[in-house]
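The values are calculated or read from the model by the stated rules, or taken from the named source; none is laboratory data. Computed from a predicted structure; not experimentally measured. Virtual Cβ from ideal backbone geometry, glycine too; neighbours counted across all protein chains shown.
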Amino acid sequence: MAAATVDIPSICLSSGPMLNGYWKGERAGSGTIKWKARKLLAAGKIDEEEFIKLVVDATTSPGYCNTMGTATTMNSLTEGIGMSLPGNASIPATLSERAEMAYMTGLRIVEMVKEDLTPSKIMTRESFENAVVLNSALGGSTNAPIHINAIARHVGVEFQIEDWQKIGFGIPLLVNMQPSGKYLGEDFYRAGGVPAVMNSLLVDGKLRGSSITANGKTIAENYAQSQILDKDVIRTCDDPILENAGFIILKGNVCDAAVMKTSVISETFRTQYLSNPGSNNVFEVRAIVFDGPEDYHERINNPGLNIDVNCILVIRGCGPVGYPGSAEVVNMQPPDNLIREGILELPTLGDGRQSGTSGSPSILNVSPESAIGGGLALLQTGDRLKIDLNQCSIDVLLNETELQKRRDLLKLEVTENQTPWQEIYRNTVGQLSGGGIIELAEKYKKIRNTIPRHSH
């Protein structure tokens, strides 16, 4: 975002993912294993000591998460959008190739300065479309729309939350990597990494090949010769892991926009909620409403809530204004008694985010958030919600008279500011559907052309 705003020649260098982790002979992905461990702990299958050991075993070396979490996602999209050298995203942190990439990146930025190759010349509408396509093929994080839309606004490219479904939903899942698959970052790199995925998408005509990148070459020139080295890790478009693997953008009387990641919908979830005879991809559930993560942790195991498989866990007060800053808390797990019965996931809904390492098919990034009077603020425990993935809708089953009554009685309560920076942030931040940026920042572009005065 800074590079987009200032618009001086810039290039990105990733630190790379950590090496593979293992637990009891199986791959243990950083972040993803934590969500699994929480369920094992709740079910009484491991104790707290084993929980800690499991998480530690998954954290093997320097580097960011070795799953397709937000870090791997955004570094991959940075390459896909053209702001780093080909191959940069996938190299693990500890390999010698990472040092070589750092050296080559240093050489290239000098040339970019001479050429005046700026972010605004690289990050065009077409390159943002490439990022969306790549994200679907990777099984990328639900944080990606927030970050990408924010960058687009800072660089001055028109890009809407709806574009993620229009451009990306029909793209197949090509990467068999946790949390959408089996493998981890080290495997992904050795299978060909981002270049191999880009080649597969190019061959199938799904990328804008003429987009310019940081090395001065086009996407097509950079990736025309890239190869898949392990087809169990990276697939081709004619043999995907999953068709239609992009995000669905949901709207209704609950919100103007919410994101659902389809590539992590498990067979269990699909059977339970999306396979009703005569109404596939449509389900109704009873809402259990929590006001923030503290409330969730305090009450999730309260038997008085009568939580069962026909419920949806709702968390609010977790958006940019409400938290503040938006919290990664929407991937809530069921109460312990359900986990012990073998019910490992329930539908979840919230105006916060979730870690890209989570495999939960949550409905999240709800905009507008509850703290500014969005639809979640009107929900009450016991309300019935209808989610229709065919129509891309989410509605509470209440008439307009009842909803208006609740609006009239609504008293917004926002957590007290703890610092002056929180107050400034809350007063200027936008919603997640628009990238969650400081709204007044959008008008400041190409600052290189209007260098601010210095004070001495």
| query | Out of all the residues in region 192-201, is one or more in contact with a Cys (Cβ under 9 Å, 6 or more places away or on another chain) and touching a residue at least 24 places away in the same chain (Cβ under 8 Å)? | reply | yes
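Looking only at region 98-116, how many residues end up being of a type in the set (Ser, Thr, Tyr) and farther than 17 Å from Asn75 by Cβ?
Step one: list which residues in region 98-116 are of a type in the set (Ser, Thr, Tyr), which gives 103, 105.
Add one more test, that the residue is farther than 17 Å from Asn75 by Cβ, and what stays is 103.
So the count comes out to 1.
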| task | Collect the residues in region 297-313 that are surrounded by 13 or more Cβ atoms within 10 Å (Cβ to Cβ) and either of a type in the set (Lys, Arg) or over 22 Å from the mean Cα position of the chain (by Cα) (or both), keeping them in residue-number order. | result | Arg299, Ile300, Asn301, Leu305, Ile307, Asp308, Val309, Asn310, Cys311
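Hey, among Gly375, Gly359, Gly436, Gly430, which residue is touching a Cys at 6+ places or on another chain (Cβ under 8 Å), of a type outside the set (Phe, Trp, Tyr) and crowded, with 20+ Cβ neighbours inside 10 Å?
Values: Gly359 fails: touching a Cys at 6+ places or on another chain (Cβ under 8 Å); Gly436 fails: touching a Cys at 6+ places or on another chain (Cβ under 8 Å); Gly430 fails: touching a Cys at 6+ places or on another chain (Cβ under 8 Å).
From the options Gly375, Gly359, Gly436, Gly430, the qualifying one is Gly375.
Quick grid of which residues meet (1) touching a helix residue (DSSP H, G or I) at 6+ places or on another chain (Cβ under 9 Å); (2) assigned by TED's automatic domain parsing to the domain that holds Asn176; (3) small (Gly, Ala, Ser):
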residue: Ser30; (1), (2), (3): yes, no, yes
residue: Ser90; (1), (2), (3): yes, yes, yes
residue: Val110; (1), (2), (3): no, yes, no
residue: Asn135; (1), (2), (3): yes, yes, no
| query | Taking the condition touching a helix residue (DSSP H, G or I) at 6+ places or on another chain (Cβ under 7 Å), surrounded by 12 or more Cβ atoms within 10 Å (Cβ to Cβ) and of a type in the set (Asp, Glu), does Glu423 pass? | reply | no
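Is it the case that Glu158 is more than 29 Å from Ser96 (Cβ to Cβ), surrounded by fewer than 22 Cβ atoms within 10 Å (Cβ to Cβ) and acidic (Asp, Glu)? Show your work before the answer.
Values: more than 29 Å from Ser96 (Cβ to Cβ): yes; surrounded by fewer than 22 Cβ atoms within 10 Å (Cβ to Cβ): yes; acidic (Asp, Glu): yes.
So Glu158 passes the test.
Conditions (1) assigned by TED's automatic domain parsing to the domain that holds Ile394; (2) at pLDDT below 95, marked per residue:
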residue: Asp238; (1), (2): no, no
residue: Ile241; (1), (2): no, no
residue: Glu267; (1), (2): yes, yes
residue: Phe283; (1), (2): yes, no
residue: Ala287; (1), (2): yes, no
residue: Arg299; (1), (2): yes, no
residue: Val314; (1), (2): yes, no
residue: Pro320; (1), (2): yes, no
| message | Just the residues that are among the small types (Gly, Ala, Ser) and in a loop (DSSP other than H, G, I, E, B), please, taken from region 254-282. | response | Ser266, Ser275, Gly278, Ser279
| Among the residues of region 215-227 satisfying the criterion of being surrounded by fewer than 19 Cβ atoms within 10 Å (Cβ to Cβ) and in contact with a helix residue (DSSP H, G or I) (Cβ under 8 Å, 6 or more places away or on another chain), which is nearest to Asp187 (Cα to Cα)? | Gln227
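Within region 314-329, take every residue that is in contact with a Gly (Cβ under 6 Å, 6 or more places away or on another chain) and either polar (S, T, N, Q) or closer than 18 Å to Asp383 by Cβ (or both) and give me the one that is surrounded by the fewest Cβ atoms within 10 Å (Cβ to Cβ). Full working, then the answer.
From region 314-329, those in contact with a Gly (Cβ under 6 Å, 6 or more places away or on another chain) are 315, 317-318, 320, 326-327, 329; that's our starting set.
Okay, now just the ones that are also either polar (S, T, N, Q) or closer than 18 Å to Asp383 by Cβ (or both), so 315, 317, 326.
Numbers: Ile315: 28, Gly317: 27, Ser326: 25.
Filtering first and then ranking leaves Ser326.
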| said: So Asp408 ticks every box in (1) farther than 26 Å from Ala144 by Cβ; (2) surrounded by 10 or more Cβ atoms within 10 Å (Cβ to Cβ); (3) modelled with pLDDT of 95 or more; (4) of a type in the set (D, E, K, R) but one. Which box is left unticked? | reply: (2)
| query | Within region 52-164, which helices (runs of 4 or more DSSP H) (wholly inside it) include 3 or more residues that are closer than 12 Å to Gly16 by Cα and of a type in the set (Gly, Ala, Ser)? | reply | 96-115
